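A quick write-up on the structure given underneath.
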Amino acid sequence: MSRDARTGGETSPGDGRRRDTAGEPAALVGVVMGSQSDWETMRAAVEVLASLEVSHEVRIVSAHRTPDRLWNYGADAAVRGLRAIVAGAGGAAHLPGMLASKTLLPVIGVPVRTAALGGLDSLYSIVQMPRGFPVATMAIGPAGAANGALLAAAILALDDPALAARLAAWRAALSDGVALAPHDG
Ligand code: RP5
């Protein structure tokens, strides 16, 4: 089986072609989720990326319902200029892991809370990757989505001093907002 040197994925017809993104700024972070129902969680990632002025795209990519879309997204992600992927999914939650199998980009997984098992199912599914295909796994729910975006920004900030400064300011503002003592109401 041959592999694409840039994406780390298996090569297939169509790999290596840039997608038409006319009119859109080149996204550096891909925020993907398995279902529309994940959006309430994953919007927390998008809000953080927007506040940090990190260019991003948002897509629904279901490992089970749209497997070809997942395959193509992982195969093309690096070639299209993405630098990191924040992937949220619930339940069986195969999306982050399968993306990690198709790209060498850092994949950050966000376990979405579920009605049946509270998101422990999502967490265990995402975190238990086999050796060789890491997924940086965040906390369950919106806090994990926000942290996923912050981690993606931290990765990008390694060679982007302006973003590093915005990230430091974001964190300082968070610290400044913590009261010294609790209050009622
Ligand atoms: C997963 O199944 C999705 O990531 C979502 O969290 C979960 C349920 O999806 P829906 O049935 O709400 O579309 O693939």
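The values are calculated or read from the model by the stated rules, or taken from the named source; none is laboratory data. Everything numeric here is computed off the predicted structure, so don't read it as measured data. Methodologically, a virtual Cβ is constructed for each residue, glycine included, from the backbone with ideal geometry; neighbour enumeration extends over all protein chains shown. For the accessible areas, the whole protein counts, side chains as well, though only heavy atoms, and no ligand, DNA or RNA atoms are used. Shrake-Rupley method; radii C 1.70, N 1.55, O 1.52, S 1.80 Å.
For the reader, a short list of remarks on this structure follows.
- Which numbered condition LEU163 fails, given (1) open to solvent by 10 Å² or more (accessible area, probe 1.4 Å); (2) more than 25 Å from ARG65 (Cα to Cα); (3) over 16 Å from the mean Cα position of the chain (by Cα): (1)
- The set of residues in segment 30-51 being in a helix (DSSP H, G or I) and either of a type in the set (Gly, Ala, Ser) or under 12 Å from GLY141 (Cα atoms) (or both) consists of SER37, ASP38, TRP39, GLU40, THR41, MET42, ARG43, ALA44, ALA45, ALA50, SER51.
- Selection within segment 115-149 - surrounded by fewer than 19 Cβ atoms within 10 Å (Cβ to Cβ) and among the β-branched types (Val, Ile, Thr): VAL127
- Matching helices (runs of 4 or more DSSP H) fully within segment 54-164 where at least 3 residues are out of contact with any Pro (no Cβ under 8 Å at 6 or more places or on another chain) and away from the ligand (no atom under 16 Å from the Cβ): 67-76, 142-157
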